[in-house]
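Taking it in order: structure first as structure tokens, then the write-up.
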Amino acid sequence: MLFIHRFEEVAFSFNGGEDSTVLLHLLRAGYYLHKEKTKQSNGNQLDSIPECRIRTIYFETPCAFPKINSFTYETASNYDLQLEIISLDFKSGLETLMKEKPIKAIFLGTLIGDPNAVGQEQFSPSSPGWAPFMRVNPILDWSYRDVWAFLLTCKVQYCSLYDKG
């Protein structure tokens, strides 16, 4: 399946969890590689490469742990994410978001073992009754062990709520 959308029509759903933290760093790495490749083909002219601050959406809920909120805001600040905070449930928030600034595709940190992953593939349309968008699940086939191996091996900062010690 070919996935083509304008950059403004793509978003990343970041919730401060370890899965979405992995995805954040994979997206950053992909952008860096794209930028380097573009820079080489343009004779190292940096001004020809647009800054790509991926639109990042965070569904803040009243029951979220304070450590998750803090980590999410700190990460957004550290990596200059274009964070849009939505204080509604996921479905209502998406509907509101789609009316204001339509999104065609959302990168999600869904793993195959997650309860909401049933029937999903790397590219899956939203469920019936939901606002239409393409779910992009790059780490769908990863295990929980893969996620932790990535975080620990790459020395990626993650929310202290998930510390094992």
| Going from the alpha-carbon gyration tensor of the range 66-136, what semi-axes, largest first and in whole Å, does one get by taking the root of 5 times each eigenvalue? | 23, 17, 12
| Using 7 Å Cα-to-Cβ label points, what is the TRP130/TYR32 separation (nm, one decimal)? | 3.1
| Computed from these coordinates, which is Kirkwood radius over Cα pairs in Å: [x] 19.0; [y] 17.0; [z] 17.6? | [y]
| Using the membrane-span-like helix rule (whole DSSP H runs, Cα extent along the own axis of at least 24 Å, mean Kyte-Doolittle hydropathy at least -1.0), which helices of the chain qualify? | 18-41
| query | Check GLU84: other-chain or 5+ apart residues with amide H under 5 Å from its amide H, H built from backbone geometry? | reply | THR56, ILE57, TYR58
| So who's got an amide H within less than 5 Å of the one on ALA11, skipping anything under 5 residues away but keeping other chains? H placed 1.01 Å off N, in plane. | ALA105, ILE106, PHE107
| field | Charge sum, other residues only, whose C-beta stays under 9 Å from THR110's C-beta, Lys/Arg counted +1 and Asp/Glu -1 | value | -1
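Work out the length of the dipole vector of the chain about its Cα centre, built from +1 on the beta-carbon of each Lys and Arg and -1 on the beta-carbon of each Asp and Glu, and round it to the nearest 20 debye.
Details: 16 positive and 19 negative charges, 53 e Å.
With only Lys, Arg, Asp and Glu charged at Cβ, the dipole is about 260 debye.
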| Where in the range 126-159 does the amide nitrogen come within less than 11 Å of the point 7 Å from the Cα of TYR73, taken along Cα to Cβ? | none
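We did not get these values from a lab; they are worked out from the coordinates using the rules stated. Worth saying up front: this structure is predicted, and the values here are computed from it rather than measured. Quick reminder, even Gly has a Cβ in these numbers, built from the backbone with ideal geometry, and neighbours come from all protein chains shown.
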